[in-house]
Structures are given as C-alpha cells and as structure tokens.
1. Looking at (1) at pLDDT below 75; (2) crowded, with 21+ Cβ neighbours inside 10 Å, which is the only condition D671 fails?
2. Say whether the condition of being among the charged types (D, E, K, R) and open to solvent by 40 Å² or more (accessible area, probe 1.4 Å) is met by at least one residue in the stretch 182-198.
3. Are there any helices (runs of 4 or more DSSP H) wholly within the stretch 757-850 with 3 or more residues that are open to solvent by less than 30 Å² (accessible area, probe 1.4 Å), and if so which?
4. Taking the condition at pLDDT 85 or above and of a type in the set (D, E, K, R), does R608 pass?
5. Go through (1) open to solvent by less than 20 Å² (accessible area, probe 1.4 Å); (2) without any contact (Cβ under 8 Å) to a residue 60 or more places away in the chain for G167 and report which single condition fails.
6. Quick check on this structure: which one of L257, L300, L287 is without any contact (Cβ under 8 Å) to a residue 40 or more places away in the chain and in the same structural domain as T228 (by TED's automatic domain parsing)?
7. Kindly state which helices (runs of 4 or more DSSP H) lie completely within the stretch 74-141 and contain at least 2 residues that are at pLDDT 95 or above.
8. Could you tell me which numbered condition L630 fails, if it satisfies all but one of (1) among the hydrophobic types (A, V, I, L, M, F, W, C); (2) open to solvent by less than 50 Å² (accessible area, probe 1.4 Å); (3) without any contact (Cβ under 8 Å) to a residue 60 or more places away in the chain?
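The values are calculated or read from the model by the stated rules, or taken from the named source; none is laboratory data. All values derive from a computational prediction rather than experimental measurement. Ideal geometry is used to build each Cβ from the backbone, glycine not excepted, and the neighbour counts take in all protein chains shown. All accessible areas refer to the heavy atoms of the entire protein, side chains included, with ligands and DNA or RNA removed. Shrake-Rupley method; radii C 1.70, N 1.55, O 1.52, S 1.80 Å.
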Amino acid sequence: MSVNLPLDSTRSANLCADYAPLEGVFDELMGADFTVRPHWRSFISALEAIPAADLATRWRQAERLRHENGLTFTIEPDEDGSSRPWDLDFVPLVLDPADWRSLERGLSQRARLLNAILADLNGPQRLLREGDLPGALLFANPHFLRPCRNLPAKDGVYLHNYAADMGRGPDGRWWVLADRTQAPSGLGYALENRIVLARCLPELFRDHHIERLAGFFQSAHESLVARTGRESPRIVLLTAGSDTTGYFAHAYIARYLGYSLAEGPDLTVRDNRVYLKTVDGLKPVDLIIRRVDDQDCDPLELRGGSSLGVAGLLQAARAQTVTIANALGSGVVETKALMPFLPQLCRKLFGEELILPSLATWWCGQRDALDHVLANLDDLACEPAFDRRPILTSGGVLVTSALSAEERDQLRRQLAVRGEYFVAHEVASSSTTPAWIDGKLQPRPMMLRVFAAADSGGAGDYTIMPGGLARISSSNDLRTVSLQKGESTKDICVLAEGPVAPITLLRSPFSYIEPKRTGKDLPSRAADNLFWLGRYAERSEDIIRVLRSVIRHLAEDDAPVDSLTAMERVVQVLLEKGKSGEAAPGGARSDRRAEQRPERPEQLIEQRIEKRLAALMFDAELPYGLQETLAHLRRTTSLTRDRLSIDAWRTLQTFQADMAEHAQHGHWLGDFLDAGTALEMLDGAVRALGAFSGMEMENMTRNHGWRFLDMGRRLERAKHHAGLMRTLLVAGDPQEDGGLVLLLELADSLMTYRSRYLTTPILPPVIDLLLLDETNPRSIAFQIAALSSHVDELPRDADRVVRSDQQRLILSLLTELRLCDIVALCETTASGRRRALDAVFASILTKLPKLSELISRDYFSHAEARRPAEL
C-alpha cells in the first residue's frame with residue numbers, strides 16, 4: 001500500500017494556484033467563483049507553511065507506517081491476476097461543521113428507518129400485508145433468510161452498525177448511493193488513515209479543531225456492552241479468515257478495541273450457548289461482532305456448505321444467550337431495490353420526510369418502473385438487485401450507453417423476463433475533491449463511506465462517526481459508478497465549531513475496575529499460530545546462522561579439506577530436513593559452476609557447497625529452505641497480528657521486506673558467490689530476528705500466548721542443535737575437522753567457551769556446554785528445561801493429580817540429560833562411533849516431535865479433547 005507523496009521540491013507556495021475545478025460539478029475545495037471555500041482556507045494555509053522537503057519526508061514516513069502496520073486491501077485484481085492495493089492521498093477531505101450536522105441528522109434518520117423496516121420484514125411483515133412493499137421485493141431476495149425471522153433483538157436494535165456510501169450532486173446536496181447493513185466494512189481503514197495522518201501532520205490536527213474518532217468508538221463499544229447485560233462481557237470479532245480481503249482491518253480493529261479475533265472454527269455451541277475454544281477450555285461468548293455474511297454464519301440452518309460460521313448459532317440467538325451485531329438476516333435491507341420506497345416508508349413509520357435522498361433508482365419488478373427504465377435505458381445504469389452476479393459477461397454495474405447494440409438488446413430481454421432481479425438508476429455526476437497528483441492539487445471524483453452505530457438508549461438514535469473513508473478515482477470520469485473501482489482513499493476531517501476535548505478510548509463508566517493479571521482469552525487457533533510463529537522465527541534464524549557461518553569460512557583462503565567436509569555435512573543436514581537429499585538447485589549459475597573441472601579436491605567440495613548454498617538461500621520450492629521458511633514466517637506473522645506488540649510487528653515486517661528484496665537480486669558476481677554482500681545481508685537478518693526475540697522476552701506479558709510462542713522457539717532450537725551435533729560429533733574426530741569450532745559458532749557460544757577454558761575446543765567441554773549446561777541459553781538442556789517449565793504451567797484439569805502426557809515426556813527427556821555421564825558420551829567404539837552420544841541425540845529427535853504432537857492434540861485441536869471422561 002502506498003501514499004501519494006508530495007515529492008516536488010519546486011512546488012509553488014500557493015497550492016491552489018494551478019487548481020482548476022471541473023465544470024458542471026460541485027467542487028469541495030473551490031466555489032463557483034473559483035475561490036477557496038472558507039472552511040478550507042486555514043487548512044490549506046497550514047499545508048503551504050510546511051517546507052516542501054519536510055512535507056516529502058513526512059509522507060515517506062506515512063508510507064513506511066502503512067507498510068509496517070501491514071494493512072492491505074485488494075479492490076480488484078489486475079489483468080494479470082495480481083492484486084492492486086489502494087493508495088492513501090495525503091490531503092484529507094475537509095467538511096464544514098454545518099454541512100456535517102445536516103449529513104449527520106440524515107444518516108441517523110436513515111439508520112433508524114432501515115432498522116424499523118428490518119424489524120418488520122423479519123417479524124410481523126405489516127408493510128407487506130398493507131401493500132407498502134411488494135412481496136416479490138422480499139421473497140425474491142436471497143438475503144431474506146426465513147430461519148432468521150422472528151429472532152429476538154434487545155431494545156429492538158437489529159442494525160448495531162450501519163454505513164452509507166455517499167455522493168454529492170452538482171447543487172451541493174448529498175445523495176445516498178448504497179446502504180451497507182450486512183457487515184459494514186471499512187472502519188479499520190478509516191481508523192488507520194486517521195492515525196497515520198495524525199502522526200505525520202500533528203500540528204494540523206492540533207490547531208484546526210478536527211473532530212476526534214475515539215468518541216465514536218467509545219460510544220459504539222458502550223452501546224454493545226449495554227446490550228449484553230453484563231459488566232465485562234466476552235466480545236468476539238468474527239472474521240472469515242486471513243484469506244479474505246479485509247482480514248488485516250479486522251485484526252486492526254480487534255486490537256484497537258481489545259476484542260478477541262476469531263474465525264468460525266474457534267467457536268462452538270453447547271446447550272444453546274456460544275463458546276470460544278481457548279487453551280483454558282471453553283469460554284462463554286456474550287457478543288459477536290460479525291464480519292461474515294449472515295448466510296454463512298450457521299451451516300446447520302443457513303448455507304450448508306459454509307465453513308465460515310458456527311453450527312447452532314441461530315439457535316443460540318433464539319435463546320438470547322448471545323448478542324450478534326449486526327443481527328442475522330440484516331442483509332435483506334441492503335438491496336438498492338428498497339431505495340424507491342424509502343420516502344414513503346419514512347412518512348408512514350416516522351411521520352417525517354426523508355432527509356437524505358437516494359440516487360434516483362427504479363426497481364424493475366414493478367410494471368411502471370420497468371416501462372420507465374426500458375424507455376430511458378440509454379440514460380441509465382443497471383445492476384443486479386440482490387447480489388453481485390454479472391448481468392452480461394462483465395460484472396457489477398452496467399452503463400447502458402457504453403454497451404453495444406447486441407448487448408443492449410440482450411439486457412432488454414433480461415429486464416422484460418426477470419425484471420424483479422434488477423434495478424436501474426441515474427448515472428449521476430459526482431462532486432470532486434482535491435487530490436495530490438503529479439506534484440500538485442487536482443480535482444478528482446469522490447465517494448464517501450460514513451459509519452453509524454446504535455446508541456445505548458434503545459432503537460431511538462444512532463451516533464455518526466465524525467469522519468469516514470473517502471474514495472477517489474484516478475481519472476476525471478464523473479460517473480459515480482466508476483468510483484466502485486476507486487484507486488485511492490482519503491481521510492475525512494470534520495471541523496468542529498470550537499476546541500475539541502481529548503477523549504480517552506474506552507473510558508470505563510464505573511468508578512472502580514477490578515485489577516487483572518491476565519489478558520483476553522487465547523483461542524486455540526491463536527495459540528497454534530503463536531506456537532508456529534516461534535518455530536518459524538527460530539528456524540529462520542537457525543538457517544541464516546548456518547548460511548552465514550559457512551559463507552564466512554568459504555571466504556577464507558586455503559580452507560583445509562576436513563573443514564570443508566564439516567561445512568558440507570552441516571549444509572546437508574538442512575537439505576535432508578526437507579527430504580531433498582542431493583537435489584540440484586535451480587538456476588543456471590549452479591549448473592555452470594558444476595560443469596567446471598576442479599583443479600583441487602578443495603575446489604570440488606567448495607563447488608558442491610556453493611551449489612547447495614544457492615538452493616538453501618534462493619530456491620523458493622525447496623522444503624526447509626530459507627525462502628520457504630520465510631514464507632511460512634510471513635503467513636504466521638499475519639495470523640498473529642492482533643497478538644504482537646506494534647514494535648514486534650514492525651520489526652518482523654521490516655525484516656521480511658528486506659529479505660524479499662535481497663531474494664530478488666541474489667548475491668553473485670558472475671559465477672561466484674558475492675560473499676561480502678551475502679554476509680552483510682545475513683548479519684542484518686540475525687540482528688533483526690534477535691531484536692524480535694528480545695521484544696518477545698521483554699515486552700510480552702507472561703501469559704499463555706507468550707508461553708506457546710516461546711515453547712515453539714525452544715522446541716525448534718533444541719531439534720536443530722541436536723541434528724547438527726549428531727551429524728558432527730557422533731563419528732570421526734570433530735576436533736581435527738573443525739566441527740567443534742563450527743558448532744560453537746552456530747550456537748553463538750564460542751566466546752563463552754573461550755572465557756571458560758582458555759584453550760582450543762576439545763570434545764568433552766563442548767558437549768557439556770552445548771548439550772548439558774542448563775545455564776547456557778543456547779544449549780539443548782536449557783531448551784528442554786524451559787520446555788519443562790512451560791509444560792508445567794499449561795492449563796490442565798484442577799482435579800487431575802497425575803502428570804499429563806506432555807509432562808511425563810519432557811520430564812523423562814530432561815532427566816535423561818541430567819543423568820548423562822560426559823566420559824561415557826565421549827567413548828568411541830572400534831568403528832569410531834560414539835554410541836552413547838548417538839542414543840541421546842536419537843532420544844531428543846524422537847521425543848521432541850512427539851511433544852509437539854501432544855501439545856497440538858490437547859491445546860490446538862479441540863478444547864475438550866483432553867477431558868474424555870466428560871465426553
């Protein structure tokens with residue numbers, strides 16, 4: 001995601017000097033007399049006062065912040081199938097206080113109206129019986145879910161959250177282009193835009209009385225809490241998963257508000273109550289904020305093939321044991337087919353005129369409306385009334401004037417046969433707003449998404465977020481339909497009429513809060529992701545340390561054959577972990593080097609090592625290679641976004657971006673490895689992963705999340721070191737072939753050894769330091785002891801007095817290490833093998849995978865799998 005940067009250092013001091021509003025449309029910045037509107041003047045003056053170089057620096061910072069935060073959203077795929085994220089324009093949309101108050105009243109009324117219509121359609125259906133709405137409009141709508149009818153709603157609130165897509169006509173009046181009642185999205189992006197801009201332009205937000213967003217989130221939270229009837233409810237934000245376009249925004253909002261982010265498989269229904277599967281067992285859920293379409297929320301009663309929902313959720317909603325926001329079935333009023341009926345329904349239900357008109361729309365299920373559409377088809381746009389399926393061979397909205405004669409005839413036939421499934425509306429011109437393009441302000445068409453949340457006092461009113469998300473087009477096409485493919489976003493700044501008081505987010509209404517020593521519940525899926533984040537972070541560091549050490553030794557002159565053989569065996573350990581054996585790496589460079597006739601045996605070994613190094617470093621398809629491991633690390637990092645501190649997240653994001661850039665170029669000079677550049681890259685990688693490890697140890701609360709993350713790291717490190725030591729120490733003379741020095745380097749323990757023994761490395765003290773010494777944080781015994789401590793602290797049944805399977809397994813391994821005799825471990829057989837040492841490593845490499853399986857079985861699979869008696 002990128003930011004439109006003001007990089008032109010020669011720009012005019014007058015930002016508006018070259019600004020030319022388009023004719024016939026309302027421009028947000030300038031009036032009809034080509035003067036800057038009053039509410040923009042001080043804002044533009046403040047921007048002009050910032051030096052050009054300073055402004056460019058600030059927006060490079062903004063781009064970096066958005067990248068580090070990891071918030072991306074794909075609007076539509078490019079022609080080549082890749083995803084194109086949207087941009088952030090650095091000039092926000094500034095709205096006048098009086099203009100906003102009018103918009104605020106209209107949005108609040110519209111949200112109340114849609115909530116009342118929804119309550120009737122999913123309840124008594126008086127509007128149908130009295131002829132105010134045609135039956136076909138409801139029963140042809142696939143979002144009318146019969147199992148959701150008559151679901152109870154506390155205080156009569158079905159729409160807890162609402163959003164409207166807005167446009168402004170040439171006369172300056174606001175129009176509603178679309179209503180969003182299903183699971184309104186975009187809040188996370190609007191919040192992120194504001195946070196980024198406020199950090200980069202703090203003086204503008206401080207000096208220009210811009211309304212804060214925190215008050216809206218606080219009000220929305222308190223309203224939801226009030227409807228649960230509990231003082232400290234357990235709140236879950238239900239997402240469709242990391243593969244969906246809005247997942248990062250879901251994680252962002254969940255983290256901002258302190259909610260648990262959960263997917264359908266994280267929840268279960270028992271005795272008409274929803275529970276969250278956690279490592280502590282099943283925890284009752286009081287409120288679900290869903291970001292999943294209602295049809296996918298319950299595979300038992302709704303869409304049977306859905307894997308995104310929770311089986312039995314509807315039954316829990318009927319039993320009123322959980323509050324769902326928005327209520328299941330709320331998507332039925334999102335259709336544009338309802339728009340032509342809203343003015344009449346507003347008068348009938350409220351005795352009021354509709355404040356905010358809709359874009360002129362006709363539902364083709366009525367004869368007179370269909371006749372009007374067919375008679376004026378060339379001046380209208382058509383789209384499906386109830387879903388997003390394409391009308392012809394293209395998707396979304398069709399502007400009929402842009403169709404061929406054959407396509408127009410085909411559309412007419414479809415409207416005549418199945419008119420109730422289509423709507424038509426005017427192709428209205430949108431207003432324009434200033435955008436920073438090519439180093440200057442230029443007018444661009446825009447569309448707004450504004451958000452509302454129900455108040456805590458019942459279904460009487462809604463709070464409107466004083467801001468929102470503006471989307472702008474990259475071209476001057478004024479047709480609002482083109483904005484559905486808008487390429488940039490803006491923050492919306494609503495000016496206040498006076499100083500804005502600072503608001504602390506989620507301020508408690510109670511005078512006293514009971515102190516807590518634990519955080520929010522840890523879902524089993526989140527624990528699984530954290531466990532593997534620890535494993536992949538450690539695996540990445542282990543591979544990088546091997547690569548760095550081997551490349552450094554290769555760069556030295558006259559490396560002996562024995563040392564080269566030890567390095568080759570270490571590299572082969574990594575290749576064998578991925579079951580790739582002697583598989584040749586891809587790339588022409590490796591083949592060319594292999595074809596050269598070596599002049600010395602050392603040269604032959606060096607060529608083999610470099611060939612394998614190329615595979616480990618750059619082959620994305622190699623199992624256990626660096627690129628595949630980094631890909632796994634990226635995936636698990638994204639899945640644990642809401643569990644990591646901001647600094648830890650940014651550290652990993654920067655590290656992964658740097659590694660991806662290096663992977664694109666490789667580090668070769670002709671046919672030979674560019675050791676200097678490669679070592680510089682690997683040194684930086686070790687420092688970055690060390691920084692993440694330090695933040696993990698110093699900044700994470702010692703809860704179950706940290707425990708599973710650290711367990712994954714300890715288990716992976718112990719396995720890796722055991723494999724290397726078994727390869728280099730069990731047979732041969734590691735003191736002569738350089739294996740001892742190599743192991744000490746890989747375990748980052750060379751200085752510790754030298755400070756203790758003041759001699760060249762010899763086998764017994766090296767075995768003690770790297771295998772048995774529990775004071776060395778790089779030794780295997782240290783990892784096993786840490787794992788034993790973690791396992792003892794894992795949740796288990798309070799009435800269970802015997803040790804768990806995990807405790808018995810790790811205790812047996814720790815005891816085995818503590819009882820080892822170094823002299824016996826160093827003894828060799830007639831064949832030159834150290835059988836006792838080999839047996840210890842074999843035990844470690846057998847029991848650690850078993851421990852991982854037991855942890856997964858009892859804590860990551862099903863929350864009650866470890867309690868068979870209760871089942």
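1. (2)
2. Among the residues of the stretch 182-198, not one is among the charged types (D, E, K, R) and open to solvent by 40 Å² or more (accessible area, probe 1.4 Å), which makes the answer no.
3. In the stretch 757-850, the matching helices (runs of 4 or more DSSP H) lie at 763-767, 780-793, 805-818.
4. Criteria not met by R608.
5. Only one criterion is unmet by G167, namely (2).
6. Step by step, each of L257, L300, L287 is checked, and only L300 is without any contact (Cβ under 8 Å) to a residue 40 or more places away in the chain and in the same structural domain as T228 (by TED's automatic domain parsing).
7. It comes to 97-121, 126-129.
8. With respect to (1) among the hydrophobic types (A, V, I, L, M, F, W, C); (2) open to solvent by less than 50 Å² (accessible area, probe 1.4 Å); (3) without any contact (Cβ under 8 Å) to a residue 60 or more places away in the chain, L630 is out only on (3).
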